[in-house]
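Every read-out reported here was derived from the displayed coordinates using simple, explicitly stated rules and does not represent laboratory data. Predicted model only: the values in this text are computed from it and were never measured.
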Amino acid sequence: GENNGILKHRLCYIEDWNIDIHSPSTIKKFATGKGNAKKEDMYESFIKETGVNLSDLIEQSVDPKVASPISDIVDAFYIAKLQSTM
C-alpha cells in the first residue's frame with residue numbers, strides 16, 4: 001500500500017501525469033455485474049468471456065480459492081479492459 005501511494009504521488013503531483021484510479025468494487029462490477037464479487041466470480045467471468053482456463057495453462061489448481069498469480073492476471077485483464085472503454 002505504501003509503495004502504491006508513493007507511486008501515485010510521484011506520477012500525479014511531481015510528474016503531473018493524469019492517471020485513472022479505479023476502486024476494486026468498480027472493477028468487480030465491470031467484470032461480473034456485482035461490486036462485491038469474490039475472486040472466484042471474477043475468474044468465472046474471465047473464463048466465460050475469454051474461453052481461457054488459466055489454471056490449466058499454468059498448472060495450478062483453483063479449488064477452493066483463486067490464488068495468485070491467476071487472480072492477479074484476471075484483475076489486470078479487467079482493469080485494462082475497463083480503461084479501454086474510457
Relative contact order (%) - criterion: Cα under 8 Å, at least six apart; region: the chain: 23 percent
Residue-by-residue Karplus 3J(HN,Hα) for the range 18-30, coefficients 6.51, -1.76, 1.60, Hz, glycine and proline x: 9, 10, 9, 10, 10, 6, x, 5, 5, 5, 4, 5, 4
Karplus (6.51, -1.76, 1.60) ³J(HN,Hα), θ = phi - 60°, over the range 31-48, in Hz, Gly and Pro reported as x: 6, 10, x, 10, x, 10, 4, 8, 4, 5, 5, 4, 5, 4, 4, 4, 5, 4
Spatially near lysine pairs across the range 6-62, Cα under 19 Å, sequence gap of 8 or more or different chains: 9
Reported label for calculated volume of the Cα convex hull per residue in Å³ given [x] 115; [y] 86; [z] 102: [x]
Of E44, E59, E15, the one that fluctuates the most in a GNM where the chain has Cα springs shorter than 10 Å: E15
Sequence-distant residues sharing a close amide H with N53 (under 5 Å, placed H): none
Whole-Hz couplings from phi, Karplus 6.51/-1.76/1.60, listed for the range 70-85; x for Gly and Pro: 4, 5, 5, 5, 4, 4, 4, 4, 6, 5, 5, 5, 4, 4, 6, 8
